[in-house]
Amino acid sequence: MTNTITDRQFEIIEAAGSILSSSGVGGLTIKNLAKKMHFSESAIYRHFESKEDIIIAMLDYLAENMDNRYSNAIIAEQTPIKKFEQIFKSQLLFFSQHPHFVVAVFSDGLMGKSHRINQAISKIMMVNTKHLKPVIVAGQQQGLFNQSISTDALLHFCMGSIRLQMFKWRVADFQFDLIKEGNIMTKALLTLITVS
């Protein structure tokens, strides 16, 4: 758990995530959240001022969690290919266990409604970039990854692919095996970017 949220706040964002998964953003109201948690609405407001603050807390938690997970998943001695695999494996495992974070990132209308939410989503993308870009750079420098395409283009290609996979899983109502399909996608990405 992050140092920036309390245990109770974490319980609230978990309950909010459950509502997001079952009812979408429209179903996430302070009233519904209080009912689900058997709290009064005023008890929720003691921890968060608004629904927006709850969603931002979820996204901030995700960014910090990703940063920590990636740091722990990557070992300095690993090859760039192994590091690439570990980043994607970590993300797929986390989201398969916590699908409501996918809903928070991809909920209809969520990104356009709030500058603060957009900033929180941007922070998640920056964490991905922080960890994945050096892996791609190292792979290119070692002649493992395609050097005829810019690092940034490869980064966008790979990050876009994982985002599309998560979005497809969400719109399929989480009904396919994310880890299995994600591993297939990871191998396909490596096939495309690795020099034969």
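The values are calculated or read from the model by the stated rules, or taken from the named source; none is laboratory data. Values in this document were obtained by computation on a predicted structure and should not be read as measured data. We place every Cβ from the backbone using ideal geometry, glycine too, and count neighbours over all the protein chains shown. For the accessible areas, the whole protein counts, side chains as well, though only heavy atoms, and no ligand, DNA or RNA atoms are used. Shrake-Rupley method; radii C 1.70, N 1.55, O 1.52, S 1.80 Å.
Annotations
Conditions (1) open to solvent by 30 Å² or more (accessible area, probe 1.4 Å); (2) of a type in the set (Phe, Trp, Tyr); (3) modelled with pLDDT of 95 or more; (4) over 21 Å from residue 61 (Cβ atoms), marked per residue:
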| residue | (1), (2), (3), (4) |
| --- | --- |
| 97 | yes, no, no, no |
| 117 | no, no, no, no |
| 164 | yes, no, no, yes |
| 172 | yes, no, no, yes |
| 181 | yes, no, yes, yes |
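- Taking first residues from the stretch 150-161 that are more than 19 Å from residue 122 (Cβ to Cβ) and modelled with pLDDT under 95 and partners that are exposed (fewer than 12 other Cβ atoms within 10 Å of the Cβ) and of a type in the set (Ser, Thr, Tyr), no Cβ contact under 8 Å between residues at least 6 apart in sequence or on separate chains turns up.
- Residue selection: residue 81 satisfies the criterion of being surrounded by fewer than 19 Cβ atoms within 10 Å (Cβ to Cβ), aliphatic (A, V, I, L, M) and assigned to a helix (DSSP H, G or I).
- Any hit, the stretch 39-57, residues being within 18 Å of residue 123 (Cα to Cα) and charged (D, E, K, R): yes
- Of all residues in the stretch 32-63 being touching a residue at least 12 places away in the same chain (Cβ under 8 Å) and open to solvent by less than 10 Å² (accessible area, probe 1.4 Å), the one that is farthest from residue 94 (Cα to Cα): 44
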